[in-house]
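The values are calculated or read from the model by the stated rules, or taken from the named source; none is laboratory data. Values in this document were obtained by computation on a predicted structure and should not be read as measured data. Here Cβ is always computed from backbone atoms with ideal geometry, including for glycine, and neighbour counts include all displayed protein chains. Each accessible area value is taken on the protein alone, full model and side chains, heavy atoms only, with ligands, DNA and RNA left out. Shrake-Rupley method; radii C 1.70, N 1.55, O 1.52, S 1.80 Å.
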Amino acid sequence: MRVIFSVYIDFDEKEFDKNYDFDKNVKNKKEFKDNYNFLKSYQQKYAQQLGIDYVLYENDSKWKKYKNYFEKNYPFISKYNIVNFYKIQLMYDLSKSYDEILYLDFDVVPLTNDNIFNCINFNNGIACKVNHERDPQNYLILSTPKILKQKEEWFEKTGITFSERDPRSKYWNCRALLMESGYNGDNDVYNTGIVLTNKNNLKKLRYFENFKDTLDFMYQVKNTEGLWPKFIQNSFGYDNETLFSFKMKTNKVNLIKLNDTWHWPYRRAINFIPKETKMVHVINKNFKFVKEHVKKHNL
């Protein structure tokens, strides 16, 4: 049994944190709402073509209960991060009824009839895109002490660092978690906008094992002075992808890399989708261009 699912939470604007991501969150909220029918229909159509169940989770009682638990017990975790933990939880819930699961962010548009379950061999791992476009390791490795000092001084003066959503934040956050746990700090930065897995590898991942202790550990690593430059440490967060990478490494789950054909990250200012793209992840929320692409190529 197979299933494809997604999550769409239409947040109230007042629920967004008042930080550097606020304007982007407001804009994204409008784009999702305006393009709801288009996004749902293309995911639904893809599932129907494959003869596979499709489930879209929205603002129902299950979500509200999940959100309320985090707000009560972990008020420092943003709504953005809560919903991303929620999608991982839903994978585990669905694995009780389905053997194989494909998760798609709601801004992922399938452009193919090819069956990803048959095209990707994921029996021995979890399929996901590695998100190293910005070369996060080089952020410090190629920096001189003078540059690091300048960045520290700028952070002390302004409190500004890069977003916890930045791949660099996730790389160094996971590295800190691994090293604090006695592991080699090497890790991958994942984009969990598309995840293909089966119930056995989800079980091996043990994502929510000792979850309370893990969140407390992440809080400690973020807020306790240690070896990390302050402007790096301040960018640490509580996102699902940092924890996903940490769990993949510590529980020895194989990564099956999704290439650009199956996960095209459309984030660039240049409006371009390669003709061989099977799934486009509309990170920049320019759904208008995707609609034009679909119409032009009769997809």
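Annotation: peptides 77-89, 174-186, 287-299, ranked by per-residue average of other Cβ atoms within 10 Å with the highest first, follow the order 77-89, 174-186, 287-299. Protein heavy-atom accessible surface, 1.4 Å probe, per residue over the chain: 50 Å².
Note on the chain: with charges restricted to the Cβ of Lys and Arg (+1) and Asp and Glu (-1), its dipole about the Cα centre is near 340 debye. A straight line joining the Cα centroids of segment 56-124 and segment 207-252 runs 20 Å. Computed from phi, the 3J(HN,Hα) profile of segment 103-115 under the Karplus parametrisation 6.51, -1.76, 1.60 (θ = phi - 60°) reads 9, 10, 4, 5, 9, 9, 10, x, 10, 9, 9, 5, 8 Hz, with x in place of Gly and Pro. For segment 243-255, the Karplus equation 6.51 cos²θ - 1.76 cosθ + 1.60, evaluated at θ = phi - 60°, returns couplings of 5, 4, 5, 4, 6, 4, 6, 6, 9, 6, 9, 5, 8 Hz by residue, with Gly and Pro reported as x. Take every Cα pair under 8 Å whose residues are at least 6 apart in sequence, average their separation, divide by the length of the chain, and the relative contact order is 24 percent. Taking chymotrypsin sites (Phe, Trp or Tyr not before Pro) across segment 192-234, the ones in a DSSP loop with at most 15 further Cβ atoms lying within 10 angstrom of their Cβ are Phe208.
Listed by chain and number, the lysines whose C-alpha is less than 25 Å from the C-alpha of Lys149, apart from same-chain residues fewer than 8 away, are Lys157, Lys170, Lys222, Lys230.
The peptide list 235-248, 265-278, put in order of mean Cβ contacts within 10 Å with the highest first, becomes 235-248, 265-278. Could you please report the charge total around Cys128, scoring K, R as +1 and D, E as -1 over all other residues with beta-carbon less than 14 angstrom from its beta-carbon? It works out to a net charge of +2. Set Lys and Arg Cβ to +1 and Asp and Glu Cβ to -1, take the dipole of segment 170-271 about its Cα centre, and tell me which of Asn198, Thr214, Tyr183 lies farthest positive. Positive-end residue among those listed: Asn198. The residues packed around Ile232, meaning those with a beta-carbon under 10 Å from its beta-carbon, carry a net charge of +3 if Lys and Arg are +1 and Asp and Glu are -1.
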